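Novice: This is the structure I want to talk about, given as structure tokens.
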Amino acid sequence: MGPTPAAEERLPIAGETDIIAARQRARELAQQLGFGLVDQSRIATAVSELARNVVRYATGGRGEAALRALAASPRGIGIEIVVRDEGPGIADVAQAMREGFSSGTGLGMGLPGTRRLMDELQIDSAPGRGTTVTIRKWRR
Amino acid sequence: MARVPILRQGDVLIASVLEELRDSDALALQQQLGARLEQRATRGVLLDVSVVETVDSFLGRLLNEIALSARLLGAATVVVGIRPAVAITLVELGLELRGVHTALTMEKGMALLRRLLDEGARRGPYAGG
């Protein structure tokens, strides 16, 4: 593998304090990339929602967030955050993304809301295989 | 627990969030405010969140719950210092602060609270905002 165009920063998520650390780092990176205040808020909040899902629902409440700048893209400058865990996984991703779906755990609120805050949201998950959520936002 | 001093000024409780809240801090704040409201007749709560940079669905829902339970105990709540970017984010997240009064500064918050209490007094004991 060649050198990556932008360094990736990986942050462990293992407790409530890490939720705050992850969203603050995402905000700082967004600020460095020239995102405005509202976008910084959207990005930090989206990371907060995803990191909380890890702390609440992943096995042992553990996972990680990887942050990177998307600089050499046809869409211009962007930010990408990948949140992974090795938790129970989501059996029905389409259902989890539906508005108003709630397992009684707040997940139903988290995912559609998070998608609205970002430009892109992809979920890769299956029972027993954990969950990887990738979110991206492009600077306007 | 994160620093959230709660002061009493007459019949009003003033809680100032001094740093970002972990979930457990936010829950502790909710409990402590509830305990103070039950302890002594209180007509208003001013909650200063101007240092809080990120209000996600958990904290947003909790602010709604704090205001609702305060109202059940006869007190109006004004949340002070929600940043414009935070307010926009909350609406997009699908979580408007319903039933929560907001003000930009403590001074404006206190004035709004006084007005709410005066209106409440004119309308009767169960009409608090």
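FYI, it's all coordinate maths here, none of it is from the lab. Since the model is a prediction, treat every value here as computed from it, not as a measurement. Here Cβ is always computed from backbone atoms with ideal geometry, including for glycine, and neighbour counts include all displayed protein chains.
Novice: Might you report the magnitude of the Cβ-based charge dipole of the range B:13-55 about its Cα centre, with Lys and Arg at +1 and Asp and Glu at -1, to the nearest 20 debye? Walk me through the intermediate numbers first.
Specialist: On the way: 4 positive and 7 negative charges, 75 e Å.
That gives the range B:13-55 a dipole magnitude of about 360 debye.
Novice: Partner chain Cβ atoms within 10 Å, averaged over the residues of A:38-46 - can you pull that number for me?
Specialist: Partner Cβ neighbours, averaged per residue: 6.
Novice: Right, something else. Considering only A:S73, A:Y57, B:T54, whose Cα is most displaced toward the positive end of the charge dipole of the protein assembly as shown, charges sitting on Cβ of Lys, Arg (+1) and Asp, Glu (-1)?
Specialist: Among A:S73, A:Y57, B:T54, the one farthest towards the positive end of the dipole of the protein assembly as shown is B:T54.
Novice: Still on this model: Taking each pair of different alpha-carbon atoms in the protein assembly as shown once, compute 1/r for the pair, average those values, and report the inverse of that mean as the Kirkwood hydrodynamic radius in Å to one decimal.
Specialist: Working: mean 1/r = 0.0508 Å⁻¹.
Mean inverse Cα-Cα distance, inverted, gives 19.7 Å.
Novice: Moving to a separate point now. Would you work out the charge dipole size for the protein assembly as shown about its Cα centre, treating the Cβ of every Lys and Arg as +1 and the Cβ of every Asp and Glu as -1, and quote it to the nearest 20 debye? Let's see the in-between values first.
Specialist: Working: 34 positive and 31 negative charges, 122 e Å.
Taking the Cα centre of the protein assembly as shown as origin, the dipole is about 580 debye.
Novice: Same structure, new question: Could you tell me how many cubic angstrom of Cα convex hull volume the range B:1-92 has per residue? Mind dumping the intermediate values first?
Specialist: On the way: hull volume 7.6 nm³, N = 92.
Hull volume normalised by residue count: 82 Å³.
Novice: While we're on this one: At 0.36 nm per residue, minus the direct Cα-Cα distance, what do B:A121 and B:D11 gain on full extension? Give it in nm, one decimal, please.
Specialist: On the way: separation 110, 0.36 × 110 = 39.60 nm, distance 1.33 nm.
Contour length minus the Cα-Cα distance gives 38.3 nm.
Novice: Let me ask something additional. Please name which of B:L72, B:G99, B:A121 has its Cα lying farthest along the dipole of the range B:50-129 towards the positive end, using unit charges on Cβ (Lys, Arg +1; Asp, Glu -1) and the Cα centre as origin.
Specialist: Of the listed residues, the answer is B:A121.
Novice: Still on this structure, please answer the following. When only C-alpha pairs under 8 Å and at least 6 residues apart count, what is the relative contact order of chain A, in percent?
Specialist: With pairs under 8 Å counted, the relative contact order is 25 percent.
Novice: A further question on this structure: For chain B, what proportion of DSSP beta bridges, expressed in % and rounded to the nearest 5, is antiparallel?
Specialist: Details: 4 of 17 bridges.
Roughly 25 percent of the DSSP beta bridges within chain B come out antiparallel.
Novice: Another question, then. Could you work out how far the C-alpha centroid of the range A:18-96 sits from that of the range B:38-93, in angstrom?
Specialist: 25 Å
Novice: So which residue, out of A:V54, A:V83, A:V93, gets the largest mean-square fluctuation from a GNM of chain A using Cα contacts under 10 Å as springs?
Specialist: It is A:V93.
Novice: Restricting attention to the range A:1-67, which GluC sites (Glu not before Pro) occupy a DSSP loop and are surrounded by at most 12 other Cβ atoms within 10 Å?
Specialist: Values: sites: A:E8, A:E9, A:E16, A:E28, A:E49, A:E64; in loops: A:E8.
Those that pass, being in a loop and sparsely packed, are A:E8.
Novice: If you don't mind, another one. If each DSSP helix of 4+ residues adds -39,500 (n - 2.57) and the sum is divided by the residues in chain B, what number results at 222 nm, nearest 500 deg cm²/dmol?
Specialist: Values: 4 runs with 61 residues, N = 129.
Dividing the helical sum by the residues of chain B leaves -15500 deg cm²/dmol.
Novice: Using only Cα atoms, find the angle between the long axis of helix B:84-93 and the longest principal axis of chain B, and express it within 0 to 90 degrees, rounded to the nearest 10.
Specialist: For helix B:84-93, the angle is close to 80 degrees.
Novice: Pick out the long, greasy-scoring helices in chain A: whole DSSP H runs spanning 27 Å or more along their own axis by Cα, mean Kyte-Doolittle at least 0.0. All intermediate terms of the calculation are to be shown ahead of the outcome.
Specialist: Numbers: long enough: A:37-57 (30 Å, 0.15).
Length and hydropathy pass: A:37-57.
Novice: Calculate the dipole size of chain B relative to its Cα centre from +1 charges on Lys and Arg beta carbons and -1 charges on Asp and Glu beta carbons; express the result in debye to the nearest 20. Numbers along the way, then the final one.
Specialist: Values: 15 positive and 15 negative charges, 123 e Å.
Its charge dipole is roughly 580 debye.
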